[in-house]
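Read through the structure below, which is laid out as structure tokens, and then see the notes.
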Amino acid sequence: MAFTINVNGQTHSVDVDDDTPLLWVLRDVLGMTGTKFGCGMALCGACTVHLDGQAIRSCVTPIDSIGQSQVTTIEAIGATDAGAAIQKAWLDREVPQCGYCQSGQIMSATALLASNSHPTDTDINDAMSGNICRCGTYARIREAIKQAAAS
């Protein structure tokens, strides 16, 4: 089935089954491999993208639910004010260790800052609770979010 979706400000036509997860459309059809596959059950956050500015798990979001919504991936998040601040803070604080979860972490953190420019620790906990980092860089993630919020 043919679908037209807007990803990172560009319109794409894709021919996939209507229940194909957005993750696989991004990675396999459009070649945008920054969004990662982790668990396939929306539990780890590695596949996080934005749908109209809201952080969602692309591994469980079927393509037929996208409609006219705007999808933003890690490839374009630095073009937003919050995304640029988060990416700079991530580098300054040397957040990544293995780096596999980081695109999802950055997408969740950016959605948080875009909606709440001065998050509390509780706000950060709530926004980031669905993102798992096996390397345990949570303290550096929190520091980076606070740095980005202060900038």
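Only the coordinates and a few stated rules stand behind these numbers; no lab work does. Since we're looking at a predicted model, the values are computed, not measured. All Cβ positions, even for glycine, are placed from backbone atoms using ideal geometry, and neighbour counts span all protein chains on display.
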*So how do 30, 112 line up by other beta-carbon neighbours within 10 Å, fewest first?*
30, 112
*Sorted by Cβ neighbour density within 10 Å, fewest at the top, the residues 5, 74*: 5, 74
*asked:* Can you compute the charge dipole magnitude of the chain about its Cα centre, using +1 on each Lys and Arg Cβ and -1 on each Asp and Glu Cβ, nothing else charged? Give it in debye, rounded to the nearest 20.
replied: 560 debye
*Starting with the fewest neighbours, write out 60, 71 ranked by other beta-carbon atoms found within 10 Å of each beta-carbon.*
60, 71
*Could you pull out every residue, at least 5 positions away or on a different chain, whose amide H is within less than 5 Å of the one on residue 32? Hs are placed 1.01 Å off N in the peptide plane, and Pro or chain starts have none.*
27
*Rounded to the nearest 20 Debye, what is the dipole magnitude of the range 2-72 about its Cα centre when Lys and Arg each give +1 and Asp and Glu each give -1 at the C-beta?*
360 debye
